[in-house]
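Worksheet: the structure to be examined is printed underneath.
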Amino acid sequence: MDTPIPHDTLTGPLRRQSVKKNVAAIHVSGKLTLLQRKLSNVLLLNAYDTLVTKTKHQIDARTLCMMVGYNSNDMDTLKQSLRSLAETTAEWDMLDANGRQEWGVSALLSYAKLSGGVCEYAYSPALAEKLHDPKVFALINLNIQRRFTSGHALALYENCYRFVRTGSTGWWPIDLFRRLMGVEGSAYYESFKHLNAKVIKPAVAEVNKMSNIMVTPELRKMGRQVSEIRFAIRENPQLALLDIDDGAGVRQSPVYAALMDLGVSDRLARQWISEHGADYVAEKITYLKGRGGVDSPVRYLHAALRDDYKPAEAAPPSPEAVAAATRRASVEEGARAQAEAREAEVTRERKARAAVMARIQALVDTRSPTQRDADRRLFLASLPDDVFRSEFTRLGWRAAVCLPQMVQFWEDLVPGAFDDVQDG
């Protein structure tokens, strides 16, 4: 399979975490599928700096596939998505620079083509001007975008996020809301009962779970019919705590690697490091390892962090104990030297193995949920026997028994990924 381009190799505008998304574009992109919506955001991010100065823009096709989360070999899906963007019209109705009402319509992309592994595309001049207008944009975080699995949820997030400072979207006529969600014209969703059950409730739940804001719908009725809807918006304190940046820096730290070895989840490890600081967490890990025989290391470590467990003061040794230790040292000195040499070798091997396992986890974490699922299936199919497959099914990328195969798999995907660590 082709090697996807890792996120940390991106250059230029693609290194940014957010895209400036014009309010007009947000309001007309409801008909797009989840994949097409993500694709339009990445294309805009790539082109934004030169939207009004260049008539054409280019991006590596495999990079484009990676950033929206599907297989880089799947050019047919990419072609279909680009075709849909070129066939979808953007319509805006807003005040122009002189305060006059302005209406306009344009295809989301005026053209797109794939040639030699490069995607070239363009916006109409009128739409490019609207997309670039700094007075009417919301910032769409692409790290958050990758978390969404529903097009309705991503549409709701885009339409709500720009109101986070005011705390509310304001009242939208229910027909406008159907349009924003891309379900206008559907007889099924003319029923508010169906709209609420299939669109509003699932989208609200996913936004509140996956993003850095939390939204609450409020309804206004005319008679018995729901006539308007608005969303109260507040920051999501849980995800704000985790800094929603994919934790790339934290995941490279030794403390994070130590937490992973203990079986702490990625989310909890980053939360502990953020809350307590790396030095404090490292201190409690050392304390835990000194206890020995702990049945639940993660639970014990949580208590140690919360209650600031400290080692007891050691009593001074008695003269008899000193004498006994001296005798043992004399007798065992030769054996100790050999044991130390063996232990040093084991330690080196363990550190090398831990470094490789940590690098594998870091590589996994750079992938989108869609890519991770595809990677797991592909790797599982490549394993030689049931024992390996059983262990990987149970432990995933922490299955140490599969380490040689995992190293080979990721080296094929990301050449040179392990050049600065030793193979376990």
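Only one entry of SER110, SER84 meets the criterion of being modelled with pLDDT of 85 or more, in contact with a Ser or Thr (Cβ under 8 Å, 6 or more places away or on another chain) and open to solvent by 40 Å² or more (accessible area, probe 1.4 Å), and that entry is SER110. For first residues located in segment 151-162 and within 12 Å of VAL215 (Cα to Cα) and modelled with pLDDT of 85 or more, partners that are among the small types (Gly, Ala, Ser) and assigned to a helix (DSSP H, G or I) and lie 6+ apart or on another chain with Cβ distances below 7 Å form the pairs ALA153/ALA203; LEU156/ALA203. Of note, ALA61 satisfies the criterion of being small (Gly, Ala, Ser), under 23 Å from the mean Cα position of the chain (by Cα) and at pLDDT 80 or above. Residues that are under 15 Å from PHE148 (Cα atoms) and assigned to a loop (DSSP other than H, G, I, E, B) were ranked within segment 179-232; the one that is most open to solvent (accessible area, probe 1.4 Å) is ASN212. Pairs please, first residue from segment 343-369 and without any contact (Cβ under 8 Å) to a residue 60 or more places away in the chain and under 17 Å from ASP419 (Cβ atoms), second anywhere and of a type in the set (A, V, I, L, M, F, W, C) and in a helix (DSSP H, G or I), Cβ atoms under 7 Å, 6+ apart in sequence or on different chains. What qualifies is ILE360/TRP397; ILE360/MET406; ILE360/TRP410.
From the list PHE392, PHE409, PHE379, PHE388, the lone residue that is among the aromatic types (Phe, Trp, Tyr) and either loosely packed, with under 13 Cβ neighbours inside 10 Å or at pLDDT below 85 (or both) is PHE388. You will find that of ALA97, ALA25, ALA90, the residue that is at pLDDT below 80 and open to solvent by 70 Å² or more (accessible area, probe 1.4 Å) is ALA97 and no other. Only one of the listed residues (VAL331, VAL364, VAL322, VAL356) is modelled with pLDDT under 70, in a helix (DSSP H, G or I) and open to solvent by less than 100 Å² (accessible area, probe 1.4 Å). That residue is VAL322.
The values are calculated or read from the model by the stated rules, or taken from the named source; none is laboratory data. The shown structure was predicted, so the numbers you read here are calculated from the model rather than taken from an experiment. As a convention, Cβ positions derive from the backbone with ideal geometry for all residues, glycine included, and neighbour counts pool all protein chains shown. Just so you know, the surface numbers come from the protein's heavy atoms only, side chains and all, with ligands and any DNA or RNA stripped out. Shrake-Rupley method; radii C 1.70, N 1.55, O 1.52, S 1.80 Å.
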